[in-house]
Amino acid sequence: MNTNPSAADTHSAFPGSTTSRVWLVAALAHTCEPADRPAVRDDLMRTWVPEPGSGYRTHDGRRRATWAQLHSRFDLVEVTP
């Protein structure tokens, strides 16, 4: 069991896997944005999509946040197509 959140692997174990990744709320100092920048859903059921650059926004465009802000405030689940 890995207890160090900064060392946790955030990539799917198997290519083409239908299992969604999950990121639980973490301190700002220990967050790393996944390299593939997936769309995610927070614990309030809002879907966040990556924007060009380093931000994320909700589908309606009313809210914007960085990965670090999202990860420090919400449990996140990867949205799979």
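Nothing in this text is a laboratory measurement; each read-out follows from the coordinates by a stated rule. Remember, it's a predicted structure, so these values are computed and weren't measured experimentally. No Cβ is skipped: glycine too gets one built from the backbone with ideal geometry, and neighbour counts run over all protein chains shown.
Placing R0 at 25 angstrom, the Cβ-Cβ distance between Q69 and L24 gives a FRET efficiency of 0.95 after rounding to 0.05.
May I ask you to order 44-53, 63-72 by the average number of other C-beta atoms within 10 Å around their residues, highest value first?
Details: 44-53: 12.3, 63-72: 16.9.
Going by the mean number of other Cβ atoms within 10 Å, highest first, we get 63-72, 44-53.
If you look at the Cα atoms of segment 20-78, you get an Rg and a Dmax of 10.3, 29 Å.
Computed from label points 7 Å out along Cα-Cβ, the spacing between D43 and V79 is 2.0 nm.
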